[in-house]
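Reading through the structure tokens given below for one structure.
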Amino acid sequence: VINGSVKVIGSNDSEKTSGNIATGDKVYIYKADNTVYATYMVVIYGDTNGDGKITSIDLLTGQRHILGIAKLTAANLQAADINRDGKVTSVDLLTGQRHILDIKKIAQ
């Protein structure tokens, strides 16, 4: 057990004190002496737009990526690969749709 604190930094580089943790946020874990113990990038599979929710907007964002209209990068690209096979395809979009329709939730 480590005594210390946790800080969440949003994609706008400011500390989050409320709201959803979202894809692209960074979680910093500090030791008791206030030095960084670990840093993690948040990836919520299906949350391609980084708002902390999985909605039809995320499906549109994934579709725009597949069509080459607006390419995703970094954590947002990883979040779009819902089935974790290394590619963003229509299968990922279908999986996201099934999540939104409450047919089968995305495993995080």
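The values are calculated or read from the model by the stated rules, or taken from the named source; none is laboratory data. Model, not experiment: these values are computed from the prediction. Please note: Cβ atoms are built from the backbone with ideal geometry, for glycine as well, and neighbour counts cover all protein chains shown. In case anyone asks, the SASA skips ligands and DNA or RNA and just uses the protein heavy atoms, side chains included. Shrake-Rupley method; radii C 1.70, N 1.55, O 1.52, S 1.80 Å.
Given the options THR17, THR35, THR73, name the one that is more than 17 Å from the chain's Cα centre (by Cα) and open to solvent by 70 Å² or more (accessible area, probe 1.4 Å). Outline the logic, then answer.
Values: THR35 fails: open to solvent by 70 Å² or more (accessible area, probe 1.4 Å); THR73 fails: more than 17 Å from the chain's Cα centre (by Cα).
Of the residues listed, the single one that is more than 17 Å from the chain's Cα centre (by Cα) and open to solvent by 70 Å² or more (accessible area, probe 1.4 Å) is THR17.
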Exercise for review: Would you please list the contacts, defined by Cβ atoms under 6 Å and residues six or more apart or on different chains, that run from a residue in the range 18-46 that is at positive phi to a residue that is open to solvent by 80 Å² or more (accessible area, probe 1.4 Å) and at pLDDT 95 or above?
Suggested key: none
Check your understanding: From the list ILE44, ILE57, which one is closer than 26 Å to VAL91 by Cα, at pLDDT 95 or above and open to solvent by 70 Å² or more (accessible area, probe 1.4 Å)?
Key -> ILE57
Exercise for review: For residues that are over 15 Å from the mean Cα position of the chain (by Cα), open to solvent by 90 Å² or more (accessible area, probe 1.4 Å) and either touching a residue at least 24 places away in the same chain (Cβ under 8 Å) or farther than 18 Å from LEU67 by Cβ (or both), tally how many sit in the range 77-104.
Suggested key: 5
